[in-house]
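Read-outs throughout are calculated quantities, based only on the coordinates presented, and are distinct from any laboratory measurement. For clarity, every value in this text was computed on a predicted model and none was experimentally measured. Cβ atoms come from the backbone with ideal geometry, glycine included; neighbour counts cover every protein chain shown.
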Amino acid sequence: MTEHVRSEIAVIGAGVVGLTIALRLAQDGHEVVLLDPNMPGSGASYGNAGTIADYAVMPVGTPDVLRNLPSLLFDRNSPLSIRRGALAALAPWLLRFAAQSRPAAAARNATAIATLVASAGTAWEELAADIGASDVLQRRGCLYLYETETAYRAAHADMAQRRALGIAVDLISPSEIAAMEPMLPPLKGGAAFFPKAVFLNDPGMMMLMLTGAVQAAGVYHLPMAAESLERLVDGVAIHAKGVRLHVRRVVLAAGAHSRVLARQAGDRVPLDTERGYHVEWDMEQSLLSRPACPTSRGFYLCPMSGRLRAAGTVELGGLTAPPSPHRITRLIEGARAIFPHLGAPDRDWMGFRPSMPDSLPVIGPSRAGAEVIHAYGHGHIGLTLAPITAQIVADLVDRRPVGLDLAPYLPTRF
């Protein structure tokens, strides 16, 4: 027997983006139902590097990446790799990715990312204060580490591009790094220091507090997966196991799981999946005071509450394959290259990031009608852009001026 439920707005997906959207809509006076079969705030929203990366304005696809794409994708030790069993399915996405990595497209995408992330730090400060989680935000900046003088010299051009896009960054010497992070081993190169960056010392705790705020705002969590969408004259029907939910509007915020629902809504979006990993070592005394990314290794070393997390790398491989022991091993080896005394990690994790070939999220109304709004595809900056995305969605729902040109992010751009 099917249970029939009515509500005003359904948000599909209870990751950080969906939670933040649901909170904002509820605060604006809307009746909101949140659909997700998993615990709210789990998945990539918990397992990330914790960085509010308002400095991460460069897309994954760039001319440098395009020149080295074959060796990157098929080198098992590369920070950007592909699971070979997924190659055939990924071929159309890879062709789009290659096109978006050309100079003009990459420059355009960087500008669009910079526009979105410009106020991310302020937006997170406001959100954290609103939910009583300001202590989880740490205001100590972030480091990109260069282990050789050659890499450090090459970074000057990259940082010049970021400065042109409004990013505050200082290039610092090995001695300055040592003063900031005395536990790091000596580096022959230097570092880029992003002084305005903030980070979460416990993403899981932030998700718990955000979930609590969503519940306190009156949002009802329906713990099941949305299996299909059906447009109606007066809204949208969402079919889940044993439930038919009839709503006026739907917000698709299901991250890497959004593509099928987007197609049912009338939008063919080239969304695919990055598989992200982390490993953690429990420790009373942190080895770092701020996130540090050894850039040649493609991951972050993140000081979390009571532990050190190594998080990152990009593995294109879909939603169904088991975690790769090799990727976990590479994270462990990379962390030990920086901190050789690290023993066996206390835990590891794998989750899914929604990945777009142009590194831009999909935010905006469906081509088939504004009763469906897209809000996914944020790649590596979903945590960063959650409150920004929530503001945009809330403005669309209440027909307020959005305040920026949505054209680069719309589902109709494909």
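Sorted largest first, the principal axis extents computed over the alpha-carbon atoms of region 279-334 equal 36, 22, 18 Å. Remark on ARG244: its backbone amide H falls under 5 Å from those of GLU3, HIS4, VAL5, a criterion applied only to residues 5 or more positions apart or on other chains, H modelled at 1.01 Å from N. Each residue of region 137-143 is assigned a 3J(HN,Hα), and the resulting list reads 7, 10, 10, 10, x, 8, 10 Hz, derived from the Karplus form 6.51 cos²θ - 1.76 cosθ + 1.60 (θ = phi - 60°), x at Gly and Pro. Each Lys and Arg Cβ is given +1 and each Asp and Glu Cβ -1; about its Cα centre, region 127-272 then shows a dipole of about 520 debye. Just grab the label-to-label distance for LYS241 and ALA88, each label 7 Å out from Cα along the Cβ direction, in nm (one decimal). Taking the simple label geometry, LYS241 and ALA88 are separated by 3.0 nm. Our summary gives the chain a relative contact order of 26 percent, counting only alpha carbon pairs under 8 angstrom and 6 or more residues apart.
In this structure the amide hydrogen of PHE352, modeled in the peptide plane, comes within under 5 Å of the amide hydrogens of ALA44, GLY276, none closer than 5 places in sequence on its chain. Based on alpha-carbon atoms, the Kirkwood radius and the radius of gyration of region 307-413 give Rg/Rh equal to 1.12.
Antiparallel beta bridges, as assigned by DSSP with both residues in the chain, represent about 65 percent of the total such bridges. 3J(HN,Hα) couplings calculated from phi for region 398-409 with the Karplus curve 6.51 cos²θ - 1.76 cosθ + 1.60 (θ = phi - 60°) are, in sequence order, 8, 6, 9, x, 6, x, 8, 6, 7, 3, x, 10 Hz; Gly and Pro show x. Given [x] 0.96; [y] 1.36; [z] 0.91 as candidate values of Cα Rg over 2.2 N^0.38 Å, which corresponds to the one derived from the coordinates? The calculated read-out lines up with [x]. Here is how the number arises for the chain: DSSP H runs of 4 or more residues each give -39500 (n - 2.57), the sum is divided by the residue count, and the result at 222 nm is -10500 deg cm²/dmol.
Computed packing ranks the peptides 395-405, 230-240, 184-194 as 184-194, 230-240, 395-405, most packed first, by mean other Cβ atoms within 10 Å.
Volume per residue of the convex hull around the Cα atoms, evaluated for region 160-229, comes out as 238 Å³. In terms of the mean number of neighbouring beta-carbon atoms within 10 Å, the peptides 196-204, 165-173 order highest first as 196-204, 165-173. Phi angles of region 320-335 translate, via the Karplus equation with coefficients 6.51, -1.76, 1.60 and θ = phi - 60°, into HN-Hα couplings of 10, 5, x, x, 8, x, 5, 5, 5, 4, 5, 4, 4, 5, x, 5 Hz per residue; Gly and Pro are given as x.
One way to sum up the overall shape of region 240-337 is the equivalent ellipsoid from its Cα gyration tensor, whose semi-axes run 36, 17, 13 Å, largest first.
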